[in-house]
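*Asks:* Take this structure first; my questions come after.
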Amino acid sequence: MSDVYIIGAGIHPFGRTDHRSGRDQGVYAVRQALDDAGLEWSDIQCAYGGSAASGSADIMVNELGLTGVPFINVANGCATGGSSLASAQYAVASGAYDLALATGFDKHDRGAFNADPKSYGLPEWYGQTGMMLTTQFFALKIQRYMQLHGISRRTLGLVAEKAFRNGAKTDHAWRRSEVDLDTILNAPMINDPLTKYMFCSPAEGGVALILASEKKMRELGADGVKIANIAVRTRPPNSFEVFQPAISIEEGGKPTVLASKAAFEGAGIGPEDVDVAQLQDTESGAEIMHMAENGFCKDGDQEQWLAEGRTEITGKLPVNTDGGCLACGEPIGASGLRQIYENVQQLRGRGGARQVPTQPKVGYSHVYGAPGLAAVAILQR
């Protein structure tokens with residue numbers, strides 16, 4: 001398997017764009033990525049992309065051009081973006097192609113995601129009890145975690161406060177205004193202990209990344225960021241994941257732990273080598289739990305980490321430097337690729353006001369999706 005590099009990155013701002021469809025936002029991102037790489041659409045040899053609410057990604061060829069390119073649709077919940085990237089990376093690393101596209105977009109209705117129990121192998125009663133409402137599940141999960149590991153509501157608030165502070169510095173973020181801690185903690189409660197400022201929202205946006213073999217990158221003289229490794233894992237026995245109807249007495253493994261370990265082993269590095277990280281933050285509690293599940297700290301250490309500012313842009317391990325899902329919102333097809341886009345910008349030194357000042361060399365991204373799968377990608381400069 002040969003080395004693969006990201007040589008082009010494009011993004012359509014997240015949030016709400018009433019005059020532009022989800023697919024149009026994806027096309028916008030692809031054209032931006034092509035310009036970044038100095039390529040034409042006809043140069044792309046294969047493509048992988050996904051969308052949960054805006055139609056099949058392969059229909060983008062109507063606008064981009066009918067070149068006959070093999071374009072594979074990807075659907076993997078919130079991990080769709082990470083899975084699209086993994087597919088494109090495998091295609092180039094295998095030697096089958098020299099240039100590939102990974103893309104994703106979405107345009108969700110306002111309000112919460114409306115998941116169907118049947119789609120996840122669950123009976124109708126599961127939805128009738130309200131358990132298909134993800135805000136309720138995430139609240140129950142973080143409640144349990146807080147009690148087991150001594151995490152305070154204030155720490156939940158600090159995660160959100162950081163997200164909005166970073167989002168205010170990010171051109172592609174939806175929420176561009178800072179929100180103070182007291183406002184976050186005293187906002188209307190959605191599901192205890194999470195207030196409305198501690199949740200992300202379904203949103204709109206598009207992201208595109210162009211991948212190249214090392215030979216092609218050198219031939220083009222492109223500015224590439226190496227994909228050190230990608231790992232995707234589903235849930236093991238006795239794990240406690242989204243839409244699970246009960247929690248096992250015996251604690252099992254976690255898909256994020258499995259994906260993280262596999263990614264680190266494949267890259268030949270450890271958590272201590274990471275300079276900037278993007279972690280799934282569907283809500284404040286998710287970022288806290290994922291800090292430990294990805295190996296960056298022990299369970300319970302997050303209380304001290306947040307109090308000391310270790311995850312700030314200027315901290316020991318900057319986390320969600322563009323504001324994450326909390327500030328950007330979550331268009332399912334694009335969200336995981338936004339994380340990769342942000343790390344590419346950081347490793348290239350293009351982060352602007354949110355740029356990590358220590359010249360990061362290793363970027364880590366983690367995305368988590370229902371009903372319990374995770375994708376981790378490690379980039380190196």
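The values are calculated or read from the model by the stated rules, or taken from the named source; none is laboratory data. Bear in mind that the values here come from a model prediction, so they are computed numbers and not experimental data. In this analysis, Cβ positions are derived from the backbone assuming ideal geometry, glycine residues included, and neighbour counts consider all displayed protein chains.
*Asks:* On the basis of being in contact with a strand residue (DSSP E or B) (Cβ under 7 Å, 6 or more places away or on another chain), on the phi < 0 side of the Ramachandran plot and outside any helix (DSSP H, G or I), does T358 make the cut?
*Replies:* No.
*Asks:* Now for a different question. Would you check if V27 is within 21 Å of the chain's Cα centre (by Cα), of a type in the set (V, I, T) and not in a loop (DSSP other than H, G, I, E, B)?
*Replies:* yes
*Asks:* Now a separate question. Can you name the residue in the range 285-304 that is of a type in the set (A, V, I, L, M, F, W, C) and assigned to a helix (DSSP H, G or I) and, of all such residues, is surrounded by the most Cβ atoms within 10 Å (Cβ to Cβ)?
*Replies:* Going through the qualifying residues, I end up with I288.
*Asks:* With the range 119-197 as the region, which helices (runs of 4 or more DSSP H) entirely inside it contain at least 3 residues that are in contact (Cβ under 8 Å) with a residue 40 or more places away in the chain?
*Replies:* Where helices (runs of 4 or more DSSP H) fall fully within the range 119-197 and carry at least 3 residues being in contact (Cβ under 8 Å) with a residue 40 or more places away in the chain, they are 134-149, 153-167.
*Asks:* Looking only at residues that are among the aliphatic types (A, V, I, L, M) and crowded, with 21+ Cβ neighbours inside 10 Å in the range 305-335, which one is farthest from N73 (Cα to Cα)?
*Replies:* If we take residues in the range 305-335 being among the aliphatic types (A, V, I, L, M) and crowded, with 21+ Cβ neighbours inside 10 Å, then L306 is farthest from N73 (Cα to Cα).
*Asks:* If I filter the range 165-213 down to residues being of a type in the set (A, V, I, L, M) and at pLDDT below 95, which single residue comes out as surrounded by the most Cβ atoms within 10 Å (Cβ to Cβ)?
*Replies:* Residue satisfying both the conditions and the ranking: A203.
*Asks:* Anything in the range 96-151 that is touching an Asp or Glu at 6+ places or on another chain (Cβ under 7 Å) and of a type in the set (K, R)? List them, or say none.
*Replies:* Answer for the range 96-151, where residues must be touching an Asp or Glu at 6+ places or on another chain (Cβ under 7 Å) and of a type in the set (K, R): just K107.
*Asks:* What number of residues in the range 329-349 are within 12 Å of H172 (Cβ to Cβ) and not in a helix (DSSP H, G or I)?
*Replies:* Total meeting the criteria: 2.
*Asks:* So which of G26, G65, G55 ends up being surrounded by fewer than 21 Cβ atoms within 10 Å (Cβ to Cβ) and either within 12 Å of G205 (Cα to Cα) or modelled with pLDDT of 95 or more (or both)?
*Replies:* Sole residue among the options that is surrounded by fewer than 21 Cβ atoms within 10 Å (Cβ to Cβ) and either within 12 Å of G205 (Cα to Cα) or modelled with pLDDT of 95 or more (or both): G65.
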